[in-house]
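This report concerns only the one structure given below.
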Amino acid sequence: MAPHRKHTAGCTPLAIPVPAEVHIPMSMHSGAPANLIVGVGDSVTVGQLIGEAATRVCSPVHASVSGQIKRIDTYDPLTGAPAVSVRIASDGEQTLWEGLTPSPVTNLAEFLAAVQASGVVGLGGAGYPTAPKLTLKEGTKLDYILINGAECEPYITSDTRTMVDHTADVWAGALLLKEYLGPKNVVICIENNKPEAIQKLEALCAGVQGMRVHVLPSLYPQGERKVLVYNVTGRIVPEGARLTDVGCIVINCTTVAVIAQYIRTGLPLVSRCVTVDGSAVKHPQNVIAPIGTPIRNLFEFCGGLKDDVKKIILGGPMMGAAVPSLDVPVVKVTSAILALSGRDAEAPTPSACIKCGRCVAQCPMNLMPSFIEDAFERKKVELLRTHKVNLCVECGCCAYLCPSKRPLAQVMTLSKKLLWGE
Amino acid sequence: MTRMIVSFAPHIRERVTTSRIMLDVIIALCPAFIAAVLIFGPRAALVTGVCVASCVFFEWAYQKLLKKTITVGDFSAVITGMLLAFNLPVGIPLWQAIFGSGVAIILVKQLFGGIGKNFANPAITARIVMFISFPAAMATWAPIPVDAISSATPLELIQRGDLAALPGMWDMFIGTRMGSLGETSALALLIGGIYLLARRVITWHIPVAFIGTVFVLTALLGIQPTFQLFAGGLLLGAIFMATDYPTSPQTRTGRIIFGIGCGVLTVIIRAWGAYPEGVSFAILFMNVLVPFINKLTMTKPLGGIKKKP
Amino acid sequence: MSKLSIFMKGIIKENPVLVFALGICPALAVSSQAVNAVGMGLATTFVLLCTNTVISLLRKVIPDKVRIPCYIVLTAAFVTITQLIVKAYVHPLYLALGIFLPLITVNCIIMARAEIFAKKNRLFDSVIDALGMGLGFTLALLAIASIREIFGNGTWFGIELPVLAEHNISIFMLAPGGFIAFGILVAIANKVSNGRAAKLKESGCARCPAATACGKGGAA
């Protein structure tokens, strides 16, 4: 299966110099974009609210640098789609907003309010606002909260660093979840290639009722939520059901740490740890960057890019998106940025499917990608339905393994669109 | 600033390619090739060479003629040529070998769309076409230079009831017996099989199910089970031909069903059929059933609700 | 349509065997030798000529609802005549054609020409059509038979050919060889007629019994 390439696992993240300008989109989460509440020329400070949550499934946005609002753009810097984003010119002071105060919580409502105010979303990459996720339907029986520290994608080590460097925050967050949501078990799930994190968290779990560390084999896509639920609890999430329907919640470990940090200090999510790696990066390492920092600054901090750089990826190499420019900003869900050079970057030329069955054997959801591709090419929607392409988690294993280098992951995504009639 | 490549995830791919897989199969066939040359003399190399060259030529010529992408570089035609040669007696007239290669590549492979699209194994089908076309030449076993034993294959001897003339188990194992070029040396074939398993080119399901079924059934029928394993083309068929990707099921359960089916048919033909050997017929028959086996053994998606009928 | 084009279309463009895939059963069954193929072709042509003529003459008399039984009765009558003539004068051919001679009665080509052409065209056109179609059928059979006899037996019309006589590929004498030769000729006819025959492809996959399993058919 996919290689690990966790070169940066031992690199304690370093804070990069404050960028001259940050570009913060109002939509860094799934759901409705936040409502911008500042205007051009306004002065802002670190942690100040600049985007209000508009609806229930939404997350507030905070200024990550102190300075002045320079411009309001009408496009999303990641996708280019029409959306509101804001550019803040930094004054380099990083003055903290005076309104930042610790917000101790005493009950579930206060806890959820704090989670929402912290601006935290699913930091593993999903970007679903955490507060609505933790707001359970009346009568839900919660058996497990799985704290996802699997971090199965190659290269990325930012969650690993969170677990190692901010063990106390992860632990405190786990305890808060246990206290206010009341699950029978809180399980911290870590792949076995992160011994330091396992050791630290196991030491804390020892003797605590209902808290444990579950060590998983290092096998992509271990951290995919349905796969994780199955591997840890043996429960299968039925088609169309939510994780809470089988009594589980999966939450990223960095998300947990950010919640705990917010409750402790009052500082919302304004910066994050990003793994900077790939064959075109001179000195791969982990960095801490304010949200909205152009990725160019991160690469420059890591010694710059080699001349033969050919591809920039936001996220991991298996599911991340390739971007055309270095001007895109780090957003809440950016756990890694990769730069690949020359041969690593080129998309291979596909040849005819030889029906070797590797994709079928390795699909974590037990789908049959080669048959789905066949159905897709002939636009057989009924056949796609029979093959349950809607269950695909787009982990990319099929395309990774394909000896004919067929673009199976892409076909899966397109098949879903075809199935849903988009 | 150089232009960045923007492509769909995943951005890393496993190093295995189609041609690398085919090359592995060729490497795995090499021990059997060496054994064939040692046992049957230099003409074995000649027959193999002619088959490989004509298979590659036919593939190239067909694609050139029909203005298709030339895929000779994936080595699959080389494998077809080698496997076909391994299924022929050493004394086969060369023009017949060339005809067989043409059948394999043009009729069975390219007419159905080329690599991955053929529904039957080209080498097996070509062997059967030759078996029907040239019954005399395909059953003429040249004497082995090593030591002249009987001029019939072990399975022919069993069919005639001439058990006394059977070669010993050691001869059966290393391959100094009558038979097609590449099928005689169990040792060499097993080495190749282990290499393929180690390189994860094939999975164990088909060979184990196939060979196991033959062993169990012949034991039940009481017809020399261990002997049957090494006789005829069973090992060659089970390791190299039945595991051919496009013509075998893609699911694990399907592969086991496929292997068992091949085994049952082989034993039926060997025990009661008019022909002494049934491996190739068995594989060809099961090839045709592959789409049905695939459909029957569709994997159950994680969390997938069974569709209401 | 000119008289010549009515005649010519049966040979390649609308060849009953290679393009319309009609009358394949006799085409494969009696095509292992060129002599038999020509005999079968001529017998069919004769019957076709007779039926087309009579049906064209009676096209205003035959009631539409019972036209098929009428055609069959007519065909059967002419086939019986043909059968008796062949049996009396060309007895070896009678033996070689066997059951396929009486089976001309249900040969699709005859029914098809009656239905497609003779019932709505004048006598002279129908006669030309019958001749053209008959010739197309005969030529197709001869082509298949030539391939099979030359490669399978090393002879042509019974004449031994040099080299090939010693190098038989006997599969061509058997049923699979018939299909292979037929397939090759369909491909050639398709190419020559510029894809006219390709229209048959549209229904090709869906008719395959394996269509639902392999998923390539429309049934899935």
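Miscellaneous remarks
- C:Ala187/A:Thr12 FRET efficiency (R0 60 Å; Cβ-Cβ; nearest 0.05): 0.30
- Cβ-placed point charges (K, R +1; D, E -1), dipole of the protein assembly as shown about Cα centre in debye, nearest 20: 2640
- Using a 1.4 angstrom probe on protein heavy atoms only, the contact between C and B buries about 1000 square angstrom of accessible area, both sides summed.
- Heavy atoms of A:Asp344 accessible to a 1.4 Å probe, total area in Å² rounded to 10: 80
- Inter-probe distance in nm under a simple model that places probes 7 Å from Cα toward Cβ, at A:Val208 and A:Lys184: 2.0
- Computed label-point distance, nm, for sites B:Phe292 and C:Ala175 using a 7 Å Cα→Cβ extension: 1.7
- Note on A:Thr79: accessible area is roughly 110 Å² with a 1.4 Å probe, heavy atoms of protein only.
- Hz values of 3J(HN,Hα) by residue in the range B:116-127 - Karplus curve (6.51, -1.76, 1.60), Gly and Pro given as x: x, 10, 6, 8, 10, 5, x, 5, 5, 4, 4, 4
- Whole-Å distance, taken between Cα centres, linking the range C:137-158 and the range A:152-208: 80
- Accessible-area order (highest first, 1.4 angstrom probe) of the listed residues A:Asp327, A:Asp307, A:Asp76: A:Asp307, A:Asp327, A:Asp76
- Of A:Lys379/B:Lys300; A:Lys332/A:Lys379; A:Lys6/A:Lys379; A:Lys6/A:Lys311, pairs whose Cα-Cα distance is over 28 Å: A:Lys332/A:Lys379; A:Lys6/A:Lys379
- Rounded if a/c under 1.5, otherwise prolate or oblate - the range B:1-75, Cα gyration tensor axes: oblate
- The mean of 1/r over all distinct Cα pairs in chain A, once inverted, gives the Kirkwood hydrodynamic radius of 22.2 Å.
- Where the protein assembly as shown is the region considered: accessible area per residue in Å², 1.4 Å probe: 42
- Peptides B:285-291, C:37-43 ranked from most to least packed give C:37-43, B:285-291, packing being the mean of other C-beta atoms within 10 angstrom over each peptide's residues.
- Loop trypsin sites (Lys or Arg not before Pro), the range A:209-267, which have at most 14 other Cβ atoms in a 10 Å radius of their Cβ (DSSP): A:Arg242
- Long-range HN-HN contacts of A:Val86 with modeled amide H, under 5 Å: A:Ile24, A:Met26, A:Asp73
- Between C:Ile68 and A:Thr74, the modelled labels are 6.9 nm apart [label points 7 Å from Cα along Cα→Cβ].
- Treating r as the C-beta distance of B:Leu65 and C:Ser2 and R0 as 56 Å, the FRET efficiency rounds to 0.95.
- Of the trypsin sites (Lys or Arg not before Pro) found in the range B:69-135, those in coil by DSSP whose Cβ has at most 16 other Cβ atoms within 10 Å are B:Lys117.
- Those aspartates and glutamates that a straight Cα-Cα span of less than 19 Å connects to A:Lys388, excepting residues fewer than 8 apart in one chain: A:Glu224, A:Glu239, A:Glu373, A:Asp374, A:Glu377, A:Glu422
- One Cα centroid belongs to the range C:1-52, the other to the range A:50-99; the line between them spans 81 Å.
- Per-residue average of Cβ from other chains inside 10 Å of B:291-301: 6
- J(HN,Hα) series, the range B:18-29, from Karplus relation 6.51 cos²θ - 1.76 cosθ + 1.60, nearest Hz, glycine and proline x: 4, 5, 5, 4, 4, 4, 4, 5, 4, 4, 5, 7
- Size of the B/A contact, given as accessible area buried on both chains, probe 1.4 Å, in Å²: 4500
- Helix-only arithmetic for chain C: the sum of -39500 (n - 2.57) across DSSP H runs with n ≥ 4, divided by the residue total, places the mean residue ellipticity at 222 nm at -20000 deg cm²/dmol.
- When nucleic acids and ligands are ignored and a 1.4 Å probe is applied, A:Thr95 ends up with an accessible area of around 70 Å².
- Candidate residues A:Leu146, B:Leu217: accessible-area rank, largest first, probe 1.4 Å: B:Leu217, A:Leu146
- Loop-located trypsin sites (Lys or Arg not before Pro) in the range C:45-101, at most 16 other Cβ atoms within 10 Å (DSSP): C:Lys60
- If R0 is 22 Å, the Cβ-Cβ spacing of A:Arg242 and B:Lys300 corresponds to a FRET efficiency of close to 0.60.
- Secondary-structure-derived ellipticity at 222 nm for chain B, considering helices only, amounts to -17500 deg cm²/dmol, per-run term -39500 (n - 2.57) for DSSP H runs with n ≥ 4.
- Element breakdown for the protein assembly as shown at a 1.4 angstrom probe: carbon and sulfur atoms account for 64% of the accessible area.
- Each residue of the range B:258-274 is assigned a 3J(HN,Hα), and the resulting list reads 4, x, 5, x, 4, x, 4, 4, 4, 5, 4, 5, 5, 7, 10, x, 6 Hz, derived from the Karplus form 6.51 cos²θ - 1.76 cosθ + 1.60 (θ = phi - 60°), x at Gly and Pro.
- The range B:167-184 versus the range A:278-307: alpha-carbon centroid distance in Å: 64
- For the pair A and C, total buried accessible area rounded to nearest 100 Å², probe 1.4 Å: 400
- Note on chain A: antiparallel DSSP beta bridges, both residues inside, total approximately 60 percent of the bridges counted.
- DSSP beta bridges confined to the protein assembly as shown are antiparallel in about 60 percent of cases.
The values are calculated or read from the model by the stated rules, or taken from the named source; none is laboratory data. Computed from a prediction, not measured in an experiment: that's the story for all the values here. Positions of Cβ are backbone-derived with ideal geometry, glycine not excepted, and every protein chain shown enters the neighbour counts. Accessible surface areas use protein heavy atoms only, side chains included; no ligands, DNA or RNA. Shrake-Rupley method; radii C 1.70, N 1.55, O 1.52, S 1.80 Å.
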